1. Within segment 201-225, can you find the residues that are buried (at least 24 other Cβ atoms within 10 Å of the Cβ) and in a helix (DSSP H, G or I)?
2. Do we find a residue being in the same structural domain as residue 338 (by TED's automatic domain parsing), in contact with a helix residue (DSSP H, G or I) (Cβ under 6 Å, 6 or more places away or on another chain), under 17 Å from residue 194 (Cβ atoms) and in a loop (DSSP other than H, G, I, E, B) anywhere in segment 27-50?
3. From the list 255, 238, which residue is closer than 29 Å to residue 189 by Cα, without any contact (Cβ under 8 Å) to a residue 12 or more places away in the chain and either assigned by TED's automatic domain parsing to the domain that holds residue 311 or not in a helix (DSSP H, G or I) (or both)?
4. If residue 158 satisfies all but one of (1) crowded, with 24+ Cβ neighbours inside 10 Å; (2) at pLDDT below 95, what's the number of the condition it fails?
5. For segment 240-268, give me the residue count where each residue is out of contact with any helix residue (DSSP H, G or I) (no Cβ under 6 Å at 6 or more places or on another chain), under 30 Å from residue 25 (Cα atoms) and either surrounded by fewer than 19 Cβ atoms within 10 Å (Cβ to Cβ) or modelled with pLDDT of 85 or more (or both).
6. Of the residues that make up segment 133-155, is at least one part of a loop (DSSP other than H, G, I, E, B), under 28 Å from residue 225 (Cα atoms), in contact (Cβ under 8 Å) with a residue 24 or more places away in the chain and in contact with a helix residue (DSSP H, G or I) (Cβ under 7 Å, 6 or more places away or on another chain)?
7. Looking at segment 26-40, which of its residues are out of contact with any strand residue (DSSP E or B) (no Cβ under 6 Å at 6 or more places or on another chain), over 16 Å from residue 272 (Cβ atoms) and surrounded by 14 or more Cβ atoms within 10 Å (Cβ to Cβ)?
8. (1) surrounded by fewer than 24 Cβ atoms within 10 Å (Cβ to Cβ); (2) over 24 Å from residue 38 (Cα atoms); (3) under 22 Å from the mean Cα position of the chain (by Cα): which one isn't true of residue 165, the others all being true?
């Protein structure tokens, strides 16, 4: 047998799997959404505006944005059967597992499920982006034995998510924070979960299946699940003076410092500086400045000991803590943002009509002799 001698790219490093106009991750420390440097748009556009940009390749006019958000808000309610299932889950079930399991159920209620035309996919896209945050918010309310809250059309989409989750109207700083948090998590090139979503729908499967696949990838601790583990680290370090010993202890046994380093960036993760600034303002207002100082000290120690800088997960974890989001809902907040990016890629991939089928290097045996079961 002739075996392939082509170089194996572990983790598909540097393999170009598709073409996209949606986002570009520049290793030199820049991130672009549909041609716009994210630094240029940060704080100047809402999350919904950025979603519109990645879907339609243009920033919306005021009327287009108003119509877009109104349509999203009109689709945020959940089928009663989904709400009933959310109430049936044990509090021991992780919210990410529940979210992933409920996406196919949403698909069963969608009259356009099997229609992959552009117009049908645009309608499905709105429904999914609208309902994922509602699932997350409703699950939190159910676990706290609190009434479910419908969206308020006086709030933008991202602020409605926070309002429905916490049960109180967000103030100006909180509205700014949730919009910028979701904006910075919207898309990030061909991240693992995005690749999985595109691979799933390259078979011409449906959008709900692509999103469910992506959620399974995102919850892994090396991907979106990292922010939950950052929060675990912040909770384990009780005092500012304990930071150096804690970090050194992990390094001594060759354990990862979650929230640091990135597969692509050779410089700072460009999203970090925006989250760090938000984090300081929010922690000061929430009387959690010690949490921010602890985060800053961890960043300083890791940089000095390993010359590794924080990625998006690090300060995102502190922000969610300061907002009052429970630890287990950290990755669902990430998912509620990234789902819009997945959908942009799913729609793009569905138009390609080419199934993803990489090859592999076989390392097993050949020509093994069969032995009947009575002689094994």
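The values are calculated or read from the model by the stated rules, or taken from the named source; none is laboratory data. Keep in mind that this is a model prediction, so the values were computed, not measured. Every residue, glycine among them, receives a Cβ derived from its backbone with ideal geometry; neighbour counts consider all protein chains shown.
1. If the condition is that a residue be buried (at least 24 other Cβ atoms within 10 Å of the Cβ) and in a helix (DSSP H, G or I), then 201, 207, 210, 211, 214, 215, 218 are the ones that fit.
2. Taking every residue of segment 27-50 in turn, at least one turns out to be in the same structural domain as residue 338 (by TED's automatic domain parsing), in contact with a helix residue (DSSP H, G or I) (Cβ under 6 Å, 6 or more places away or on another chain), under 17 Å from residue 194 (Cβ atoms) and in a loop (DSSP other than H, G, I, E, B).
3. 255
4. (2)
5. Residues in segment 240-268 being out of contact with any helix residue (DSSP H, G or I) (no Cβ under 6 Å at 6 or more places or on another chain), under 30 Å from residue 25 (Cα atoms) and either surrounded by fewer than 19 Cβ atoms within 10 Å (Cβ to Cβ) or modelled with pLDDT of 85 or more (or both): 11 in total.
6. Yes, segment 133-155 contains at least one residue that is part of a loop (DSSP other than H, G, I, E, B), under 28 Å from residue 225 (Cα atoms), in contact (Cβ under 8 Å) with a residue 24 or more places away in the chain and in contact with a helix residue (DSSP H, G or I) (Cβ under 7 Å, 6 or more places away or on another chain).
7. 34, 36
8. (1)
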